[in-house]
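Student: Once you've had a glance at the structure underneath, I'll fire off some questions.
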Amino acid sequence: MRPAITAPVMRFLGASDIARAAAFYRDVLGFDIRQVDGATEAHRGPARLRFDQRPEDSAMVFFETDDVDAMRAEIVERGGNPSTAEKLNWIKIRMFYLRDPDGHTLCFGKSYNVPDCPRPAALVRKALPELPC
């Protein structure tokens, strides 16, 4: 099964060459590329990035994923060169990063501080406070 991005992201990213940026996000990161209202966007799960001609702007984007190792392996298989996945104890996240063609830092990670399970309704949580989620 393909690793997924699990949390919403919406970001405008400057690109010196929008076609080159779109190709990177499609070919290396596995995003779908779409034309929306005359602009080029990259979509993967709940993540949406819109490219515009602002190459001087630098950004850092964090993508929460359901499987850090599988996401990293997929990017390597597609020709990307991500960092090693590491635990960042001060924020309780295991993550890796890479840079896109315009130098934006892209981080992919998952918290290891809280168990990953469905959250019960507020009423259930109140009645069963011992649940870890």
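Student: I'd like to verify a number: residues in the range 78-110 that are in contact with a Pro (Cβ under 7 Å, 6 or more places away or on another chain), of a type in the set (Phe, Trp, Tyr) and either assigned to a loop (DSSP other than H, G, I, E, B) or open to solvent by less than 60 Å² (accessible area, probe 1.4 Å) (or both), how many? Even if it seems obvious, please write down each step before you answer.
Tutor: Pass one, the range 78-110, residues in contact with a Pro (Cβ under 7 Å, 6 or more places away or on another chain): 96-98, 102.
Add one more test, that the residue is of a type in the set (Phe, Trp, Tyr), and what stays is 96-97.
If we keep only those that are either assigned to a loop (DSSP other than H, G, I, E, B) or open to solvent by less than 60 Å² (accessible area, probe 1.4 Å) (or both) too, we end up with 96.
Total meeting the criteria: 1.
Student: If you scan the range 53-69, which residues turn out to be among the polar types (S, T, N, Q), at pLDDT 95 or above and either open to solvent by 80 Å² or more (accessible area, probe 1.4 Å) or on the phi > 0 side of the Ramachandran plot (or both)? Break it down stepwise before answering.
Tutor: Of the range 53-69, the ones among the polar types (S, T, N, Q) are 53, 58, 65.
Still in the running and at pLDDT 95 or above: 65.
Residues satisfying the conditions do not exist here.
Student: Given the options 48, 72, name the one that is under 27 Å from residue 24 (Cβ atoms), open to solvent by less than 80 Å² (accessible area, probe 1.4 Å) and modelled with pLDDT of 95 or more.
Tutor: Details: 48 fails: open to solvent by less than 80 Å² (accessible area, probe 1.4 Å).
Exactly one residue qualifies, and that residue is 72.
Student: Related question: Would the range 24-47 turn up any residue that is over 13 Å from residue 108 (Cβ atoms), in a helix (DSSP H, G or I) and without any contact (Cβ under 8 Å) to a residue 12 or more places away in the chain?
Tutor: no
The values are calculated or read from the model by the stated rules, or taken from the named source; none is laboratory data. Treat the numbers as computed from the prediction; the structure is a model and nothing was measured. Neighbour counts are summed over all protein chains in view; Cβ atoms, including those assigned to glycine, are modelled from backbone coordinates with ideal geometry. These accessible areas exclude ligands, DNA and RNA; they are computed on the full protein's heavy atoms, side chains included. Shrake-Rupley method; radii C 1.70, N 1.55, O 1.52, S 1.80 Å.
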